[in-house]
Each structure stands twice: as C-alpha cells, then as structure tokens.
Amino acid sequence: MTVDTLRKFVMPEVIFGEGARMQAVRYLDNLGVAHAFIVTDPGIINAGWIREIASAAEAAGISATIFSQVSENPRTTEVDAGTSMYRENGCDGILAIGGGSPMDCAKGIAILSTNGGMIQQYEGVDQIHHMGPPLICIPTTAGSSADVSQFAILNEQEKLRKFGIISKTIIPDVTLVDPDLLSTLPEKFIGYCGFDALTHAIEAYVSTGSSSLTDLHALEAIRIIGEALPVAYHERENREAARQMMLGSLHAGLAFSNASLGLVHAMAHPLSGLYDLPHGEANSLLLPEVIRYNYLSAQARYNRIGEILGASEEDIQKNGVEAIIGVVRGLAEKVGISGSLGDRGVLRRDIRTLSDHAMVDGCIVTNPLLPDVEEVMRLYEAAL
Ligand SMILES: [Fe+2]
C-alpha cells in the first residue's frame, strides 16, 4: 500500500435527536468544565436557546460566560476579542451554539487559548501544536457541519480574504445535534445552508481525497438532502423533515471533514471575504458551473449524483452534464434560490482578485480537475 492510498477517518462523539441540546450540561461536567465559555450569535440569543442551556449549566454549578459578537463571516478580530474574554473570565471549556460562524469562531478561540499568537499563523493543514480546551458544539443550522469537521474558516477583514485552518485538534469533543433548533432558523437559511450541506456531499464524493468510508456518508447525505430539503423549506412545522435535514447535514459533514472539498468552496470563500456574501448562498450560485467544469473528470460519480437527485438514466445518457445541472438547479428553485453572482453585487472588475484567492484556497487541492487561474476567472464570469 502506498502513502497515496492511506485514508484516515476522524469524528467527534455524536449525540443525535430531539432534546440532545440538554445533554450539554452533562458533557460539560464529564469533560471537567467548571466555567464554560458560550460562543453564539445575537440571533440564537433572541431565539431563547442560550437562556435555557446557560440556566441549566448554572443550576448544575457550572458558571457560564456568553460571547456573542460573531459576524456572519467570523472575523479574526472576533477571535481575538473572544480569546481575551475567555482568559479574563478564567474559562476552562467552550460550548459553541449556532451555525458555522460561532462554531468556527469558537475553534479559533480554542486554538489561541492554548497556542497563543495570532490566529492567521495557524492557516493551512496541521499547523497547530497543542490541543485546545474541551469543545462542545450544538449546531442550529443544517449546513455548515463545523460541529463535526476539522475545518475552521475565518475572515481577515483587512485583507478582504477568508482563510482555512485544518487540523484534527479542532474537531469538537462532542456534538449535540438537535433537530428542534432548526425551528428558529429563518426560511432562506434553510435553503442556503441546505445547499451548503449538499455541496459538501457532492464535493466530498468527487474529491481526490474520497474513500469508501467517506463515499458512504456523501451518498447518503445527497439522498437525504435531495428528498428532505424542499419539505423542510416549505413545511416549517414538519419535524421529520427537520430531523432528516440535520441527519443529511451530519452525513455530509462526516464525508467532507475526511475527504475535503473542491472548487466550489475554493471559489465561494473569496466571495464571502470580499463581499461578505453568506457562505451557502455563494456555494449555491457556483455549484452548477463547477459541475460543468469538473464533469468529464468524474463522470460516473456525477452521473450517480444526478440519479440520486432524480435525473433519469435516459436523460443522463442523452444530455450528460446538463441533466445533472438540471436536477441541481431544480432543487435550488424549490428552495427559493435563483439569480446570479451579479445580482448579489459581484463586479466583473473583481474577478481577477477573487480568482487569485481561489487558486491558493486549500479546498482547490482535492478538486478532481486542477484549473489554472484563467479557467477560474471564466467560471466566475459564467456565474456572474
Ligand atoms: Fe461549506
């Protein structure tokens, strides 16, 4: 066996099901946390979830300090502010509650609290030397999967760029996946986050880092999300659809955390860095063009994805990649996603900068076909 064929699969302890969030106190206690640092955002506080969990922690004798100054695309300055607050309050463990933004910010705080320095110095793969404090996540969107992944994506505002940190040390200890929490997610984020999860599964499945272990999760994620996403979007009271979306997102996260991603994410990150565009929205607008670009380099795999999402064998035989793009676009339309990057204010004059950033994004490495910068520019142009 050569090194190229070695594969590793890592994941946190997972508790899945309605009410899982209330296990937070038990796990804080199990992990020896006496003063929890809760990282969240204002929307989650307004939804009432924090009050419930913080009171339960305090009733069990665990103090809680709440940090909620986290933007939609979490910033390095917010990681710094959070780390200072963590230290000043003598915290000894982190509980992240929210979407990808609070969870990625929490991972940044975990890194700095034990490694020191500036968060930018940990950019890239395996640059972290010391394990962080205990980290428990409670995801509130069915999309980012930051609660299971070894990725943290942060925004360096001064340089208008996003960068990635990839390390086994930032895989949370525990994730409490509770479908009840989807009930307060605004409708449009059900669509965008669902498409983020779908993109995770598709990119993991065609990734050059995929394996039979990650394929299992990627294919199951595509199947579940394809069926459940329109129902979860249109029927907000449908608890089974919410449950399925949380499960689909979990499978997608397990796949991409271990197989990595591809060109959609490499191109989406600069859009969020430069324009602060929500991550799932950026992915959903880029996915069709990247499928067209990649198709011939992973044809059988894309055909399988198309079949799972409802394209007939006949349609795929006759129309090839257009059949796959057709079912992906059809799913997007069912959840209110339409339009282009240009509609979101993306300017032609920025395409070169966006493309330069995409070319150095870590996610591009495992794309099935490695583009040059002109090809990336053409793909942004096509999605404009
Ligand atoms: Fe993503």
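Given the condition surrounded by fewer than 24 Cβ atoms within 10 Å (Cβ to Cβ) and touching a His at 6+ places or on another chain (Cβ under 9 Å), answer yes or no: does some residue in segment 211-218 qualify? Yes, because at least one residue in segment 211-218 is surrounded by fewer than 24 Cβ atoms within 10 Å (Cβ to Cβ) and touching a His at 6+ places or on another chain (Cβ under 9 Å).
Looking only at residues that are assigned to a strand (DSSP E or B) and at pLDDT 95 or above in segment 134-153, which one is farthest from the ligand (Cβ to nearest atom)? Looking at residues that are assigned to a strand (DSSP E or B) and at pLDDT 95 or above, I get ILE136. Of the residues ALA242, ALA259, the single one that is within 16 Å of the ligand (Cβ to nearest atom) and buried (at least 23 other Cβ atoms within 10 Å of the Cβ) is ALA259.
Of all residues in segment 85-98, how many are buried (at least 22 other Cβ atoms within 10 Å of the Cβ) and out of contact with any helix residue (DSSP H, G or I) (no Cβ under 7 Å at 6 or more places or on another chain)?
To start, the set of residues in segment 85-98 that are buried (at least 22 other Cβ atoms within 10 Å of the Cβ) comprises 86, 91, 93-98.
Right, trim to out of contact with any helix residue (DSSP H, G or I) (no Cβ under 7 Å at 6 or more places or on another chain) and you get 91.
Residues meeting the conditions: 1.
Take the conditions (1) more than 28 Å from ARG75 (Cβ to Cβ); (2) surrounded by fewer than 21 Cβ atoms within 10 Å (Cβ to Cβ); ALA221 misses just one of them, which is (2). When residues in segment 41-62 are screened for being surrounded by 17 or more Cβ atoms within 10 Å (Cβ to Cβ) and touching a Lys or Arg at 6+ places or on another chain (Cβ under 9 Å), 3 of them pass. Say whether the condition of being buried (at least 24 other Cβ atoms within 10 Å of the Cβ) and outside any strand (DSSP E or B) is met by at least one residue in segment 63-72. Within segment 63-72, one or more residues are buried (at least 24 other Cβ atoms within 10 Å of the Cβ) and outside any strand (DSSP E or B). Of all residues assigned to segment 297-313, none qualifies as being surrounded by 20 or more Cβ atoms within 10 Å (Cβ to Cβ), within 16 Å of the ligand (Cβ to nearest atom) and in the same structural domain as GLY191 (by TED's automatic domain parsing). Looking across ILE166, ILE94, one residue alone is outside the structural domain of GLY248 (by TED's automatic domain parsing) and over 22 Å from SER249 (Cα atoms). It is ILE94. Taking first residues from segment 277-295 that are over 15 Å from ILE351 (Cβ atoms) and in a loop (DSSP other than H, G, I, E, B) and partners that are of a type in the set (S, T, N, Q) and within 11 Å of the ligand (Cβ to nearest atom), the Cβ contacts under 9 Å between residues at least 6 apart in sequence or on separate chains come to PRO278/SER272. Under 9 Å between Cβ atoms, at least 6 apart or on separate chains: pull out the pairs that start in segment 257-270 with a residue that is in the same structural domain as ASP372 (by TED's automatic domain parsing) and end on any residue that is of a type in the set (Phe, Trp, Tyr) and crowded, with 24+ Cβ neighbours inside 10 Å. Listed pairs, sorted by first residue: SER257/PHE151; ALA259/TYR205; SER260/PHE151; LEU261/PHE151; HIS265/PHE256. Candidates GLY61, GLY19: the one that is of a type in the set (Gly, Ala, Ser) and within 24 Å of the chain's Cα centre (by Cα) is GLY19.
Could you say whether any residue in segment 189-210 is outside any helix (DSSP H, G or I), out of contact with any strand residue (DSSP E or B) (no Cβ under 9 Å at 6 or more places or on another chain) and farther than 25 Å from ASP356 by Cβ? Step through it out loud before you land on a result.
So in segment 189-210, the residues outside any helix (DSSP H, G or I) come out as 207-210.
Pick out the ones that are also out of contact with any strand residue (DSSP E or B) (no Cβ under 9 Å at 6 or more places or on another chain) and you get 207-210.
Of the ones still in play, those that are also farther than 25 Å from ASP356 by Cβ are 210.
Checked segment 189-210: at least one residue is outside any helix (DSSP H, G or I), out of contact with any strand residue (DSSP E or B) (no Cβ under 9 Å at 6 or more places or on another chain) and farther than 25 Å from ASP356 by Cβ.
For PHE163, the conditions (1) within 16 Å of the ligand (Cβ to nearest atom); (2) at pLDDT 95 or above; (3) surrounded by fewer than 23 Cβ atoms within 10 Å (Cβ to Cβ) are fulfilled apart from (2).
When segment 1-28 is filtered for residues that are surrounded by fewer than 16 Cβ atoms within 10 Å (Cβ to Cβ) and either touching a strand residue (DSSP E or B) at 6+ places or on another chain (Cβ under 7 Å) or farther than 19 Å from ASP147 by Cα (or both), the ones remaining, listed by number, are MET1, THR2, VAL3, ASP4, THR5, LEU6, ARG7, GLU13, PHE16. The helices (runs of 4 or more DSSP H) found entirely in segment 296-384 that carry 3 or more residues being of a type in the set (Val, Ile, Thr) and within 19 Å of HIS200 (Cα to Cα) are 321-334.
Residue-by-condition table, conditions (1) assigned to a strand (DSSP E or B); (2) hydrophobic (A, V, I, L, M, F, W, C); (3) modelled with pLDDT of 95 or more; (4) more than 16 Å from the ligand (Cβ to nearest atom):
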residue	(1), (2), (3), (4)
ALA81	no, yes, yes, yes
CYS91	no, yes, yes, yes
ILE94	yes, yes, yes, yes
PRO102	no, no, yes, no
LYS107	no, no, yes, no
GLY117	no, no, yes, yes
ILE128	no, yes, yes, yes
GLY132	no, no, yes, yes
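Scanning segment 323-334 for residues that are out of contact with any Asp or Glu (no Cβ under 7 Å at 6 or more places or on another chain) and more than 11 Å from SER284 (Cα to Cα) returns ILE324, ILE325, GLY326, VAL327, GLY330, LYS334.
The values are calculated or read from the model by the stated rules, or taken from the named source; none is laboratory data. What you see is a predicted model, and the numbers here were worked out from it, not measured in a lab. With ideal geometry, Cβ positions are generated from the backbone for all residues, glycine too; neighbour counts draw on all protein chains shown.
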